[in-house]
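Accompanying notes for the structure given below.
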Amino acid sequence: MIVVALVAGILAWSLTEYGLHRFVGHGPLRKRRRLWFLAPTALFVLFQEEHLAHHRDPLYFAPTWKKALAAAALVPVIGSLAALVVGPGAGLGFGTGYALTYLAYEVLHRRIHTHPPANAYFAWMRRHHLHHHVRAATNHGVTSPLWDVAFATREVAEPVSLHVKLAPKWLTDESGAVRPEFARDYRVVGR
Ligand SMILES: [Zn+2]
Ligand SMILES: [Zn+2]
């Protein structure tokens, strides 16, 4: 039972990740700024502003205290709701799966932009997410393609074509050319 709850928590985070990126990060929330005094709206506006800042500069990440604030607002609410529905034991399992995958997402997303891939999954994650930086209406999931496939927003670019401003440092050599090991998967344009 605890394993089922844990897996459900992991899936719930991955759906949150998708929904936050698609409907909050790139959604119509700007118009709702007038409702800033409603706590969830304020958090959504904050998320959208930080996310769009990350799109303008992929090496910009929201300060850790803001990320911690968001997690502190979200995780206890999700965990308590789960505990109310399925009881405290399974609720704890669900909340743990949710919180750990949330944390993993934060670390993995940052590393997409700062470190080269160490295995096939990380390489896939980089192609999938860096293409989102090119076409923001696609590839809203970061750690999995699950919900992009389910909601038909997945786009596979072969190769991923990145403007030089979007190309991570690990992708290119000193001259700005794509490193040979990534030449099949990426192009850098606008140099
Ligand atoms: Zn990113
Ligand atoms: Zn985005």
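The values are calculated or read from the model by the stated rules, or taken from the named source; none is laboratory data. None of these values were measured; they are calculated from a predicted model. Cβ atoms come from the backbone with ideal geometry, glycine included; neighbour counts cover every protein chain shown.
List of remarks:
- Members of the stretch 90-108 that are touching a helix residue (DSSP H, G or I) at 6+ places or on another chain (Cβ under 7 Å) and within 19 Å of Pro145 (Cα to Cα): Gly97, Tyr98, Thr101, Tyr102, Tyr105, Glu106, Leu108
- Taking the stretch 132-178 as the range and being charged (D, E, K, R) and in contact with a Ser or Thr (Cβ under 9 Å, 6 or more places away or on another chain) as the test, the residues that pass are Asp148, Arg154, Glu155, Lys169.
- Subset of the stretch 157-191 [in a helix (DSSP H, G or I) and in contact with a Lys or Arg (Cβ under 6 Å, 6 or more places away or on another chain)]: Val164
- When Gly79 is tested against (1) without any contact (Cβ under 8 Å) to a residue 40 or more places away in the chain; (2) buried (at least 18 other Cβ atoms within 10 Å of the Cβ); (3) over 16 Å from Gly9 (Cβ atoms), exactly one condition is not met: (3).
- Check on Leu130, surrounded by fewer than 19 Cβ atoms within 10 Å (Cβ to Cβ) and part of a helix (DSSP H, G or I): no
- Matching residues in the stretch 76-135 - criterion: being β-branched (Val, Ile, Thr) and within 16 Å of ligand 2 (Cβ to nearest atom): Ile112, Val134
- Arg154 basic (Lys, Arg) and either within 13 Å of ligand 1 (Cβ to nearest atom) or in a helix (DSSP H, G or I) (or both): no
- Annotation note: of Pro58, Pro88, Pro40, the sole residue that is more than 19 Å from His133 (Cβ to Cβ), at pLDDT 90 or above and either surrounded by 12 or more Cβ atoms within 10 Å (Cβ to Cβ) or of a type outside the set (D, E, K, R) (or both) is Pro88.
- Pairs where the first residue, in the stretch 54-75, is at negative phi and aliphatic (A, V, I, L, M) and the second is part of a helix (DSSP H, G or I) and within 16 Å of ligand 2 (Cβ to nearest atom), C-beta under 8 Å, 6+ apart: Leu59/His113; Ala62/Glu50; Ala62/Ala53; Ala62/His54; Ala70/Leu46; Ala70/Phe47; Leu74/Thr16
- Members of the stretch 55-66 found to be assigned to a helix (DSSP H, G or I) and farther than 16 Å from Ile112 by Cβ, listed by number: Arg56, Thr64, Trp65, Lys66
- Answer residue from the stretch 145-191, given it is of a type in the set (Lys, Arg) and in contact with an Asp or Glu (Cβ under 9 Å, 6 or more places away or on another chain) and is surrounded by the most Cβ atoms within 10 Å (Cβ to Cβ) among those: Arg154
- Residue check for Ala90: assigned to a helix (DSSP H, G or I) and closer than 19 Å to Val3 by Cα: yes
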